[in-house]
Amino acid sequence: AVLEEGPYRGKHFWLCAVVGYINHKSGNNNTMGCTKRLRRSFELSLAAAPDFIVLPEWNEVNENTCVEPTLASGTAPQRILKYYMHRLKNEAPAPNPGDDTELPNLVLSYRRVLKLGEALELELLNVPDSDRGASYVAQLSLKDPGGRTVREFPPETFTVKDLRDKTYSVPTEGLSQRVLMPSLAITAADGSKRFFNEGFLYVEIRPTWNWDYLAVKQPLRDLL
């Protein structure tokens, strides 16, 4: 309706897709919500059918608003944006060149540092890379530095062609460990299993203070 008013008629309408805003120097933080802020802002923009969707900056690392591959984010933002661009152009989803397609295009995200009393949220996100209806099962667990399981979550089934997340929430006040190591078990459609016990960034739970609100976003296909 606003665009039909005289001063605005014939103008272009644009909206934004954003990653979040994490700046420890200013203390101004807008949560990433793991990958939810990027996905939901893009979906809201798409729903409004604007003339332009302004994407996040490429390399603004000071404010952590960027999509450039980093140690914390890997290629997760690129994989998500790639999926939406294929959807926008009515193209079939596709993997990145060189991807090991025997692994699911699954991203594990969480905040890497928390204060005691904050909830630890861990997000598993399947990013479609084909139209296949095949499914796989992912089971997430948390281990202490000695390799002992602290928390094991129920298995979750994902379909390759569906963009879908499963988010778990763990009250940190019930944990006695200061450091936790995420671990994933993946069961393919043919019943074969692969285990990822190393390679994810650890979670640190601090007793009294924290200035780091960054979420790490780690695709399985990025792990060494």
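Taking the conditions exactly as written (under 25 Å from Pro207 (Cβ atoms), of a type in the set (Val, Ile, Thr) and either crowded, with 16+ Cβ neighbours inside 10 Å or touching a Lys or Arg at 6+ places or on another chain (Cβ under 7 Å) (or both)), does Val170 satisfy them or not?
Working: under 25 Å from Pro207 (Cβ atoms): yes; of a type in the set (Val, Ile, Thr): yes; either crowded, with 16+ Cβ neighbours inside 10 Å or touching a Lys or Arg at 6+ places or on another chain (Cβ under 7 Å) (or both): yes.
So Val170 passes the test.
Which residue out of Ser45, Ser41, Ser26 is in a loop (DSSP other than H, G, I, E, B) and either in contact (Cβ under 8 Å) with a residue 60 or more places away in the chain or not charged (D, E, K, R) (or both)? Talk me through it step by step, then tell me what you get.
Numbers: Ser45 fails: in a loop (DSSP other than H, G, I, E, B); Ser41 fails: in a loop (DSSP other than H, G, I, E, B).
Checking each option against the conditions leaves just Ser26.
Condition test on Thr157, is it of a type in the set (Val, Ile, Thr), modelled with pLDDT of 95 or more and open to solvent by less than 60 Å² (accessible area, probe 1.4 Å)?
On the way: of a type in the set (Val, Ile, Thr): yes; modelled with pLDDT of 95 or more: yes; open to solvent by less than 60 Å² (accessible area, probe 1.4 Å): no.
Judged against the criteria, Thr157 is not a match.
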Looking at (1) touching a residue at least 60 places away in the same chain (Cβ under 8 Å); (2) touching a Leu at 6+ places or on another chain (Cβ under 8 Å), find the lone condition where Pro56 falls short. (1)
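Could you say whether any residue in segment 54-71 is touching a Phe, Trp or Tyr at 6+ places or on another chain (Cβ under 8 Å), at pLDDT 95 or above, open to solvent by 40 Å² or more (accessible area, probe 1.4 Å) and not small (Gly, Ala, Ser)? It would help to see each step written out before you state the result.
Step one: list which residues in segment 54-71 are touching a Phe, Trp or Tyr at 6+ places or on another chain (Cβ under 8 Å), which gives 54, 63-68.
Next, only the ones that are at pLDDT 95 or above stay: none.
For segment 54-71, residues touching a Phe, Trp or Tyr at 6+ places or on another chain (Cβ under 8 Å), at pLDDT 95 or above, open to solvent by 40 Å² or more (accessible area, probe 1.4 Å) and not small (Gly, Ala, Ser): absent.
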Return the pairs, sorted by first residue and then second, in which the second residue is among the aromatic types (Phe, Trp, Tyr) and at pLDDT 95 or above, the first residue lies in segment 91-119 and is open to solvent by 40 Å² or more (accessible area, probe 1.4 Å) and in a loop (DSSP other than H, G, I, E, B), the beta carbons are less than 8 Å apart, and the residues are 6+ apart or on different chains. Arg112/Tyr202
Looking only at segment 22-53, and only at residues there that are open to solvent by less than 50 Å² (accessible area, probe 1.4 Å) and hydroxyl-bearing (Ser, Thr, Tyr), the one that is farthest from the chain's Cα centre (by Cα): Ser45
Leu220 passes all but one of (1) under 18 Å from Thr157 (Cα atoms); (2) in contact (Cβ under 8 Å) with a residue 12 or more places away in the chain; (3) out of contact with any strand residue (DSSP E or B) (no Cβ under 6 Å at 6 or more places or on another chain); which number fails? (3)
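The values are calculated or read from the model by the stated rules, or taken from the named source; none is laboratory data. Remember, it's a predicted structure, so these values are computed and weren't measured experimentally. Counting neighbours? That spans all protein chains shown, and the Cβs are built from the backbone with ideal geometry, glycine included. Please note that ligands, DNA and RNA were not included when accessible areas were found on the heavy atoms of the full protein model with its side chains. Shrake-Rupley method; radii C 1.70, N 1.55, O 1.52, S 1.80 Å.
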